[in-house]
Amino acid sequence: MNDENRTYTVDEALVALGNDENRTYTVDEALVALGFGNFQVLVLVYAGMGWISEAMEMMLLSFVGPAVQSAWDLSTHEESLLTSVVFAGMLIGSYLWGSISDKCGRRRGFLMTAVFTATAGFLSAFSSNFLLLIILRCLVGIGLGGGPVLAAWFLEFIPALHRGTWMVVFSGFWTVGTVLEASLAWAVMPRLGWRWLLGFSALPSSLLLLFYGVTLESPRYLCMKGRKTEALVVLEKIARMNGRKLPRGILVSDNEIELDENLSLSEDKELLSPSANGEVTLEQVESSQRGTSPLVTLLSPELAKSTILLWLVFFGNAFSYYGLVLLTTKLSGGQNKCLPAELQLKKSHDVSYRDVFITSFAEFPGLIISAVTIDKLGRKLSMSIMFFLCCMFLIPLVYNQPQGLTTSLLFGARTCISATFTIVFIYAPEIYPTSVRTTGVGIASSVGRIGGMICPLVAVGLMHGCHQSLAIILFVSVLLLSGVCVILFPFETKGRELSDTVPRSKLQKTSSSENPI
């Protein structure tokens, strides 16, 4: 056998067997190969416990406020302050923990949220005066602001193909938390009082701390930070737990892919000298990202439109969601007629645990609708339809309706707004790259908290002032604006792979016809 034949045979073997040294794969491709298995189920349960914790801490405000007002003889303003400080804390925490998790890792981000929520929540039960209770509830709000970190952490372990469905399942833990808190309040409040309710409601956050040691860092985050060896260790653990094998080849990050594409563009243009061709190295790409403020990145030309629209949708969603919860208590149970101020104040202290428990179930149909439509119709179409349907349910309430019809319309509206809330929390992490994902979602969530803070002041004020029609028109207007903003989102994320970095403008121009951002 001569040398030519020997060389030819080796080449043929390399083609037939594949040269693993030249093969590459991304985290997305690895997750698709590993599938959704035992590991993702455990991540789902852990992250879902955090979502349950946030829902319970938010729902208990409906029960603790009136009880504390009665026990300590507080004014109406002081009672509303007990709710407002939680939203104010969440406003701070949403940005704080999102920024920390993008810089220091997802695990550190949700560790701090659990510490704040569990510690301050438990200590709230021992508050000796109103000022101490206000301070501790504000700290609870700061902890609750880290909810999007857990959502982003779970999202980054899910294969792109079924990401929408599993994120809907994850969102279902919020509904479980609302029903659980209503059940807990129904059982605890009449017998043991509000302090015991605060203590029991802090247990889910304590469980996050208990099992924190077995959690793993997001491989997408590690790869984006250049820690590919650690990312590969995490992927190998996922492979073992799921009974699958990783793809052959070398794990690469989006930064390296972007660098290769930049070099290809430079070569295609046949620039005169390598020293003046503007080539960038992987270190330069990462250095430029570290030196850029996350907020500047979010408002860059590539992301500005998505960011502004997302802020408006989060604001409208939170304003409408918490407004509908308040409307349910104001318009149900025969309270849809204008009463003298003294009678309104007296009735506001009476909490129907049974009614709150029943209306909490309106969110289950919203989850089902989200699960059915999100991967078939897409995120944008699903959200816009639900926003507009919510308007249709509310419009008849401009005028007083029979009690049965009022309850039915509120149930339908609560279903629709729950569906939009679920979908927007899935869509938001998908539109941002890994480098600013939790910061982007955190800031959007903060804007939503502003809507939650304003809603009681505006909507409840109108209801107490016997302006039901104006309150309903306000909600319908906000919902319509939110639906239009959804339509204006620049792209759909259904089935789309997550990105790690913001694409450079020149690359975007070359690929905008295929995958615009």
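The values are calculated or read from the model by the stated rules, or taken from the named source; none is laboratory data. What you see is a predicted model, and the numbers here were worked out from it, not measured in a lab. Cβ placement follows ideal geometry from the backbone for every residue including glycine, while neighbour counts extend to all protein chains displayed. Surface areas here come from the heavy atoms of the whole protein model, side chains and all, with no ligands, DNA or RNA. Shrake-Rupley method; radii C 1.70, N 1.55, O 1.52, S 1.80 Å.
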Set 37, 65, 105: member being open to solvent by less than 10 Å² (accessible area, probe 1.4 Å) and modelled with pLDDT of 80 or more: 105
Count - residues of the range 214-251 that are within 13 Å of residue 31 (Cβ to Cβ) and among the polar types (S, T, N, Q): 2
Qualifying residue in the range 134-141 (condition: assigned to a helix (DSSP H, G or I) and within 30 Å of residue 496 (Cβ to Cβ)): no
Wholly within the range 427-494, helices (runs of 4 or more DSSP H) carrying at least 3 residues that are modelled with pLDDT of 85 or more and surrounded by fewer than 24 Cβ atoms within 10 Å (Cβ to Cβ): 468-488
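Rundown of residues vs (1) open to solvent by 10 Å² or more (accessible area, probe 1.4 Å); (2) assigned to a helix (DSSP H, G or I); (3) under 21 Å from residue 82 (Cβ atoms), yes/no style:
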| residue | (1), (2), (3) |
| --- | --- |
| 111 | yes, yes, no |
| 114 | no, yes, no |
| 121 | no, yes, yes |
| 128 | yes, no, yes |
| 143 | no, yes, yes |
| 154 | no, yes, no |
| 157 | no, no, no |
| 166 | yes, yes, no |
Those residues of the range 385-419 which are more than 19 Å from residue 367 (Cα to Cα) and either in a helix (DSSP H, G or I) or open to solvent by less than 70 Å² (accessible area, probe 1.4 Å) (or both), in sequence order: 392, 394, 395, 396, 397, 398, 401, 403, 404, 405, 406, 407
Long-range neighbours under 7 Å by Cβ, at least six apart or interchain, first residue under 13 Å from residue 57 (Cβ atoms) within the range 172-193, second among the hydrophobic types (A, V, I, L, M, F, W, C) and assigned to a loop (DSSP other than H, G, I, E, B): 181/60; 185/60
